[in-house]
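Heads up: the structure comes next, in structure tokens.
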Amino acid sequence: MGFSRTDCQFPSHGDNCSAWLYLPDGMVKPSLVVMAHGFGGLRNCGLEPFAELFADQGLAVLLFDYRGFGESEGTPRQLISPRRHVEDYHAAVTWARGQKDINSDKIALWGSSFSGGHSIVAAAHDPKIAAISVQVPFVCGIASSTPIVIQNGVGYFFTAVCSSSKDFWRAATAQEPYSVKIYGTPDEFAILNTRDSKTGYESLIPPGFNVENATPARIFLTMALYRPTNVAGRVKCPALVIAGENDSLIPIEAVKKAAAKMKQAEFMSLPLDHFDPYLGEPFNKVSQKQLGFLKTHL
């Protein structure tokens, strides 16, 4: 079918989020999929193939970066914040509903990992969302944090608490954030340091592209307290939930429980690690399933 991609911006709480709007050729007022990345990721790190597939098959796509990331405005920079990210999802939907070349009644949310949780929360807040598609979704901070703490030991826990406290103090006293690594190897202190975190994360970064591996340390606390599963029962629209059976970051049982709370959820588990869905044959299988689901419900 073919598609065009244009740069655009939309306002979110006083700042502008940068985005790409994909429009399929020959379609009048197509349905739209709103997409953003997971934990500290940028829109050009593994999400373009999903957007291009959807657009080439007749769906419009709005793929954006959160405030404080990439070319989007906002400070602190690199702040991973569930509250702010969900606000940006809502702002993207509000902007899209005002576009004359989009079917404002047929908007879906797509999320992966951390943004899978955001899609669940945003859909729970907005009953007009037509569908959500989430892969390896973050659904419970305690469920995801506990295995990492067990893997790394008590020292990791206390370092995380101290780092978070230091960052909150700096925020309260208007100082620059205290940052920590987003990802690393199991022997490094990083928020994500499971067996495949470093290799998986870096596999998504385009050659020659520089990604800042740092975020304000307050995320240790806000992540642990973030529980999209608590509002999953308020998601009324059709939902596709894809879980990884070998996921080192998102326990599959927590994902099953969250999906079971949704009114119209289709749960699918595959023998995948956390970062597998973005590349190769796993991408082909997952993306085709998502495409079929989205075209059915949009």
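Among ALA171, ALA36, ILE132, pick out the residue whose Cα is farthest towards the positive end of the charge dipole of the chain, where Lys and Arg carry +1 and Asp and Glu carry -1 on C-beta, about the Cα centre. Towards the positive end, the residue furthest out is ILE132. Strictly over 20 Å apart at the Cα level, which of LYS128/LYS263; LYS29/LYS128; LYS236/LYS295; LYS106/LYS263; LYS106/LYS295; LYS29/LYS263 would you flag in this model? Listed pairs above 20 Å: LYS29/LYS263. Diffusion coefficient of the range 53-108 by Stokes-Einstein, Kirkwood radius over Cα pairs, 10 °C, 1.306 mPa s: 125 µm²/s. For the residues SER72, SER145, SER165, a GNM of the chain with alpha-carbon springs under 10 Å puts the largest fluctuation on SER165.
With a simple spin-label model that places each label point 7 Å from the Cα along the Cα-to-Cβ direction, the separation between PHE267 and LEU225 comes to 2.9 nm.
Against the empirical 2.2 N^0.38 Å (N residues), the range 1-144 has a Cα radius of gyration ratio of 0.96. What would the Debye equation give as log₁₀ I(q)/I(0) for the range 86-239 at q = 0.13, 0.18 Å⁻¹, counting only Cα atoms as equal point scatterers? Rounded to two decimals, the profile gives -0.74, -1.15.
Stokes-Einstein, applied to the Kirkwood radius of the range 1-77 over Cα pairs at a viscosity of 0.890 mPa s and 25 °C, places its translational diffusion at 193 µm² s⁻¹. Averaging the Cα positions of each part gives two centres, and for the range 80-97 and the range 229-266 these lie 21 Å apart.
At full extension, LYS256 and ILE142 could sit 39.5 nm farther apart than now, given 0.36 nm per residue minus the alpha carbon distance.
Across the range 164-169, computed HN-Hα scalar couplings (Karplus, 6.51 cos²θ - 1.76 cosθ + 1.60, θ = phi - 60°) run 4, 4, 4, 5, 4, 5 Hz from first to last residue, x flagging Gly and Pro. A simple charge model with +1 on the Cβ of Lys and Arg, -1 on the Cβ of Asp and Glu and nothing else charged puts the dipole of the chain at about 1040 debye relative to its Cα centre.
Over all other residues within a Cβ to Cβ distance under 15 Å of ASP15, the charged ones net out to -1, with Lys and Arg as +1 and Asp and Glu as -1. Across the range 193-246, counting alpha-carbon atoms alone, Rg and Dmax equal 15.9, 43 Å. Would you work out which of VAL211, PHE157, SER72 lies farthest towards the positive end of the dipole of the chain? Charges go on Cβ: Lys and Arg +1, Asp and Glu -1. Of the options given, the answer is PHE157. Counted over the range 160-249 with a bin width of 5 Å, the fraction of Cα pairs per bin, in whole percents, is 3, 12, 15, 17, 17, 15, 13, 6, 2. In a simple Cβ point-charge model (Lys, Arg +1; Asp, Glu -1; nothing else charged), the range 193-277 has a dipole of about 640 debye relative to its Cα centre.
Shape class of the range 212-283 from the Cα gyration tensor (axes a ≥ b ≥ c, square roots of the eigenvalues): oblate, since a/c reaches 1.5 or more and a/b does not exceed b/c. Here the chain carries DSSP beta bridges of which approximately 40% are antiparallel, counting only pairs with both residues inside.
Protection proxy ranking of 17-24, 173-180, by the mean of other Cβ atoms within 10 Å over each peptide's residues and highest first, is 17-24, 173-180. The Kirkwood radius of the chain, taken over pairs of alpha-carbon atoms, gives through the Stokes-Einstein law at 20 °C and 1.002 mPa s a diffusion coefficient of 112 µm² s⁻¹.
Every read-out reported here was derived from the displayed coordinates using simple, explicitly stated rules and does not represent laboratory data. A quick note: this is a predicted structure, and the numbers were derived from the prediction, not measured. Don't worry about glycine lacking a Cβ; one is built from the backbone with ideal geometry, like all the others, and counts go over all protein chains shown.
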